[in-house]
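In what follows, a single structure is set out as structure tokens and then discussed.
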Amino acid sequence: MSTVAAYLVTGGLLFIIGLHGLILRRSLLRKILALNIMDSGVFMILLSLAARSAPPRSGTPGDGINRHCGRRQRDGPGTGAPGACPQPLY
């Protein structure tokens, strides 16, 4: 089972547990807690769906590519190059 599938299943289970608590409980406080659990399940499902469709990364943080403007770090500040990019944030 992949990580995305595990998050989908966990989010679905949280939603079902919250729905069960919302339907069967009479106390207002427990119903509010059940809604909170359902909300957490929905967020887990949405995050797993977003991770499933995320594009692959084009590099690693230490590969020397400054993603702010696409130039190499050797053309960065202090070289006098016109339009030099700032240092990366990572």
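So that you can scan it fast, the table gives a plain yes or no per residue for (1) more than 30 Å from Ser53 (Cβ to Cβ); (2) at pLDDT 95 or above; (3) surrounded by fewer than 14 Cβ atoms within 10 Å (Cβ to Cβ); (4) among the hydroxyl-bearing types (Ser, Thr, Tyr):
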{"site": "Met1", "(1), (2), (3), (4)": "no, no, yes, no"}
{"site": "Gly11", "(1), (2), (3), (4)": "no, yes, no, no"}
{"site": "Leu14", "(1), (2), (3), (4)": "no, yes, no, no"}
{"site": "Gly18", "(1), (2), (3), (4)": "no, yes, no, no"}
{"site": "Asp39", "(1), (2), (3), (4)": "no, yes, yes, no"}
{"site": "Phe43", "(1), (2), (3), (4)": "no, yes, yes, no"}
Exercise. Hey, does region 54-73 have a residue that's assigned to a helix (DSSP H, G or I), in contact with a Gly (Cβ under 8 Å, 6 or more places away or on another chain) and modelled with pLDDT under 90?
Worked result: yes
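The values are calculated or read from the model by the stated rules, or taken from the named source; none is laboratory data. Because the structure is a prediction, the values reported are computed rather than measured. In this analysis, Cβ positions are derived from the backbone assuming ideal geometry, glycine residues included, and neighbour counts consider all displayed protein chains.
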